[in-house]
Amino acid sequence: MPKVSIIGAGNWGKNLIKTFSELGSLESIVELNPSIREQMAQDYPNMRVLDNYETLLASEIDAVAIATPVPTHFSIARKFLEAGKDVFVEKPITRSVDETQQLVDIATSSGNVLMTGHLLLYQPAIKFIHDYINAGKLGQIYSLHLERKNLGTIRSVENVMWSLGVHDIAVMVYLLGSAPLKVTAHGHCGLQAGVEDSVYLNLRFKGDVLAHLHNSWLWHEKKRGTTVIGERGILHYDELAQTVTLHKKSFNSDLKVINEGEEILFSGAAQPLRVELEHFIHCIKTREIPRSGPVNALAVIEILEQAQIQLKQQ
């Protein structure tokens, strides 16, 4: 089993530590905060708990999983890729296209695995939709509509798109199989100047497919879903209920509505984090390119960067 060190034992890092431990791949934990280190030592008494990652660069570990603050992702990931280690980085992989491209170039030239934590790609329902679309069962795809909104948690160092929308953008790229041809974004700053609470993102893909995403942390209820409108019907993924429903609604040659009811095609939740980290371990063993590997990671950051430029120009 590959040996993986976790760098960062904060709120999400703890989930990585727990899951890698259950998978039998946890080799060590790195955390700067003394109190968190002490807690980790108590929770994992047989595990090395370190206050820095420098000694790991020349160690025998196979890979690292980085769950530190986003501004540190690039420098840490670059060091481990250059040291010949496989690297998993939580989302967003970096803060810019330039930084992401550098990591992609290093991973490509060295042959190391580079994977980012686009968790939603590892929900079985999303894989089901991807396979359903690519099998041609919906016919021509017209548009995608995604939403991720709720009341809180409010952040001050990143807007709602960077906080909530990264997973959904990764899904749009994954389902449609390419980067968009055009990006447009509109947002509103209500609570803090320069930090959008609500963002509407529109992406136009080849084949004139439009993908639309609304993110908000000023919404009266939790809404999480993906809708795919196609020639032969409409698929809707309710992320809260974990169901994928086919609405058998379309149009005939006279543009008359055809409505043959609806059918739940997929139901059931999984542990997407476990699925995601199992995939990372699989890629370490096989050298397979991850589902959320360099292509998906770079496309997501390119979209975020283009959208951010437009938001700042409003």
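The values are calculated or read from the model by the stated rules, or taken from the named source; none is laboratory data. Fair warning: this is a prediction, and the values are worked out from it, not measured in the lab. Cβ placement follows ideal geometry from the backbone for every residue including glycine, while neighbour counts extend to all protein chains displayed.
Laid out as a table, the results:
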quantity	calculated
Residue identified as at pLDDT 95 or above, in the same structural domain as Lys79 (by TED's automatic domain parsing), over 19 Å from Leu114 (Cα atoms) and part of a loop (DSSP other than H, G, I, E, B) among Ala9, Ala41	Ala9
Selection count where residues are more than 24 Å from Lys223 (Cα to Cα) and either buried (at least 18 other Cβ atoms within 10 Å of the Cβ) or of a type outside the set (A, V, I, L, M, F, W, C) (or both), scope the range 239-263	7
Residues satisfying the stated conditions in the range 207-231, i.e. loosely packed, with under 15 Cβ neighbours inside 10 Å and assigned to a loop (DSSP other than H, G, I, E, B)	Glu231
Residue in the range 196-206 that is crowded, with 18+ Cβ neighbours inside 10 Å, hydroxyl-bearing (Ser, Thr, Tyr) and in a strand (DSSP E or B) present	yes
Criterion (among the acidic types (Asp, Glu), crowded, with 19+ Cβ neighbours inside 10 Å and either in contact (Cβ under 8 Å) with a residue 24 or more places away in the chain or assigned to a strand (DSSP E or B) (or both)) met by exactly one of Glu22, Glu60, Glu27	Glu27
Conditions (1) over 30 Å from Leu265 (Cβ atoms); (2) charged (D, E, K, R); (3) touching a Ser or Thr at 6+ places or on another chain (Cβ under 8 Å); number of the one not met by Glu196	(3)
Test: residue in the range 45-67 that is closer than 23 Å to Met1 by Cβ and in contact with a His (Cβ under 9 Å, 6 or more places away or on another chain)	yes
Criterion (in contact (Cβ under 8 Å) with a residue 12 or more places away in the chain, farther than 15 Å from Gln308 by Cα, in the same structural domain as Gln140 (by TED's automatic domain parsing) and not in a strand (DSSP E or B)) met by exactly one of Tyr174, Tyr237	Tyr174
Selected residue (criterion: surrounded by the most Cβ atoms within 10 Å (Cβ to Cβ)) from residues of the range 154-193 that are in contact with a helix residue (DSSP H, G or I) (Cβ under 8 Å, 6 or more places away or on another chain) and over 30 Å from Gly230 (Cα atoms)	Asn159
Selected residue [in a helix (DSSP H, G or I) and closer than 25 Å to Pro290 by Cβ] from Ala65, Ala77	Ala77
Count of residues meeting criterion [outside any loop (DSSP other than H, G, I, E, B) and over 19 Å from the mean Cα position of the chain (by Cα)] in the range 177-195	8
Qualifying residue in the range 264-285 (condition: outside the structural domain of Val157 (by TED's automatic domain parsing), in a loop (DSSP other than H, G, I, E, B), surrounded by fewer than 20 Cβ atoms within 10 Å (Cβ to Cβ) and modelled with pLDDT of 95 or more)	no
